[in-house]
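Student: Just passing along the structure, written as structure tokens.
The values are calculated or read from the model by the stated rules, or taken from the named source; none is laboratory data. None of the values given here were measured: they were computed from a predicted structure. Every residue, glycine among them, receives a Cβ derived from its backbone with ideal geometry; neighbour counts consider all protein chains shown. What goes into the accessible areas is simple: the full protein's heavy atoms, side chains included, and nothing from ligands, DNA or RNA. Shrake-Rupley method; radii C 1.70, N 1.55, O 1.52, S 1.80 Å.
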Amino acid sequence: MEKRKLYMETYGCQMNFSDSQIVGSIMTDHEFEITENIADADLIFVNTCSIREHAEQRIRARLREFKRYKKINPGLKIGLLGCMAERLKEELLEQEQLVDMIVGPDSYRDLPRLLNIAETGQKAVNVILSMDETYADISPIHTKGVSSFISIMRGCENFCSYCVVPFTRGKERSRTPQTIVEEAQRLFNEGVREVTLLGQNVNSYNSEDGTSFAQLLEKVALVNPLLRVRFATSHPKDISNDLIKTIARHTNICKSIHLPVQSGSDRMLKLMNRKYTREWYLEKINTIKRIIPDCALSTDIIAGFSSESEEDHIETMELMKMVGYDYAFMFKYSERPNTLAAKKYKDDIDEEVKGRRLQEIIDLQQELSYQSNLKDIGKTFEVLVENISKKSKEEMSGRNSQNKVVVFPAQHHKQGDYVQVEVISCTTATLRGKVVN
Ligand code: 5AD
Ligand code: SF4
């Protein structure tokens, strides 16, 4: 019998992409196959993001495009999964008539049952958040490639005042170290050479047997010296010196830390409920630089949070220069309903001012990234080969430990090989070099 076809689209963070692989695994165990071609689909799942209003608007616009597929195939069912489903619940069914299923991030095991309901013509909803669901026993389908995600914990209890995540993803819970190490081993055996341990805040990793995140990271690093290990994301308040030393100790733990600062102003940090000060953050950065001198640093920044003054904004830019970030994700503040900030603080910075400040931050980061890349000219890096370069067949590309993209002339190398590349030139976004081994 021909299998029914599921088409999936994923928006938002790495965790969502990882979740979609879990959903893929559940559905392929229930007589579905994945299709890349939406026109062939019997079922469409959209794994959604609520982090900023713009993300939700994009998804709603995309949903409207699905109308024509329902016209062609009246039996087609559409499921809305993830954070938007959790945030808006049944309300979404009224707003988006096209949608047949609303499924929150802790309810994916229930998908086959929900689909059965949807197939009788009823709407199906499950948005119950769980205290213990980690999907630990489900082997995510992973797309071909040298890199893979491993989700190690779910949820967030930090309640940064601007952030919707604690409401859409619920309480923190961690997988046991054994299931994580087993998954890393299985992926390595299948040819994966780089895993990223994922969680909303990996430093809150807290397994029942008392294993800390630093210890977990070490266990995964010991799976094989040829397996690179990365992790995302850390909250600065929880990054321990023990963790920094663990990263320094193992060559296969990548020398790259994403440490979102959000703002360089103490007043903003307080309003954001980030639980650290500018000085404390800079001190952490200094510790990292001292213990891991070649560590790349990246960050997230929000421009135009409630009551942000020009001085606050300048303090953010000054901090960016002091750290000298290699990379940054930068956003305009977007008020999210029901968050602490939405209840307590006014979204009072003009769109125009937000836009201008964001642009200044982006321009500064471009310059910092370029300066950082210039410093790499003449250095030799170990590069994990990922792809034939997008621009030319004669070139290959990969990443170094610092997570920078390195392009070099193609030889006999293939995906998953490690090569030594000496950097000859750079742009803001890439290093270019020659193979030296
Ligand atoms: N507005 C703008 N950016 C936000 N982020 C989280 N919530 C908001 C919001 N309401 C950003 C933060 C976070 C990243 C994942 O998204 O910088 O670190
Ligand atoms: Fe949101 Fe803060 Fe949790 Fe990150 S740590 S998901 S910004 S509440």
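Student: Given a 10 angstrom Cα cut-off, can you work out which residue in VAL229, VAL23, VAL99 is the most mobile in a GNM of the chain?
Tutor: Looking only at VAL229, VAL23, VAL99, the largest GNM fluctuation is found for VAL99.
Student: Using a 1.4 Å probe over the heavy atoms of the protein chains, calculate the carbon and sulfur portion of the accessible area of the stretch 142-254 as a whole percent.
Tutor: Carbon and sulfur together cover 49 percent of it.
Student: Taking trypsin sites (Lys or Arg not before Pro) as exposed when DSSP calls them loop (any state but H, G, I, E, B) and at most 11 other Cβ atoms lie within 10 Å, what is the longest stretch of the chain free of them, the sites themselves excluded?
Tutor: 145-345
Student: May I ask you to give the percent of accessible area on the stretch 380-435 that is carbon plus sulfur, with a probe radius of 1.4 Å?
Tutor: In the stretch 380-435, the share of accessible area belonging to carbon and sulfur is 49 percent.
Student: At 1.4 Å probe size, with every protein chain present, just tell me what the per residue accessible area of the stretch 256-375 comes to in Å².
Tutor: With the other protein chains kept in place, the stretch 256-375 gives 47 Å² per residue.
Student: For the stretch 4-126, what is the Kirkwood estimate of the hydrodynamic radius, computed as the reciprocal of the mean inverse distance between distinct Cα atoms, to one decimal in Å?
Tutor: 14.2
Student: Okay, moving on. Between ASP300, ASP29, ASP238, where does the largest GNM mean-square fluctuation fall for the chain, given springs only between Cα atoms within less than 10 Å?
Tutor: Of ASP300, ASP29, ASP238, the most mobile in the Gaussian network model is ASP29.
Student: What whole number of Å gives the distance from the Cα centroid of the stretch 193-253 to the Cα centroid of the stretch 92-169?
Tutor: Rounded to whole Å, the Cα centres lie 25 Å apart.
Student: Based on DSSP loop calls and a cut-off of at most 13 other Cβ atoms within 10 Å, the longest stretch of the chain free of exposed GluC sites (Glu not before Pro) is what?
Tutor: Longest stretch, sites excluded: 209-393.
Student: Over the Cα atoms of the chain, each weighted equally, I'd like the Debye log10 I(q)/I(0) at q = 0.07, 0.11, 0.14 Å⁻¹, rounded to two decimals.
Tutor: -0.37, -0.95, -1.46
Student: Sticking with this one: So if I place +1 on the C-beta of Lys and Arg and -1 on the C-beta of Asp and Glu, and nothing else carries charge, what would the dipole magnitude of the stretch 312-437 be about its Cα centre? I want it in debye, nearest 20.
Tutor: 380
Student: In Å², what does the accessible area per residue of the stretch 380-435 work out to with a 1.4 Å probe?
Tutor: Counting only protein heavy atoms, the per-residue value for the stretch 380-435 is 52 Å².
Student: Given a 1.4 angstrom probe, what's the average accessible area per residue across the stretch 69-171, in square angstrom?
Tutor: The answer is 42 Å² per residue.
Student: Determine the share of the stretch 256-375's accessible area contributed by carbon and sulfur atoms, expressed in whole percent, with a 1.4 angstrom probe.
Tutor: 52
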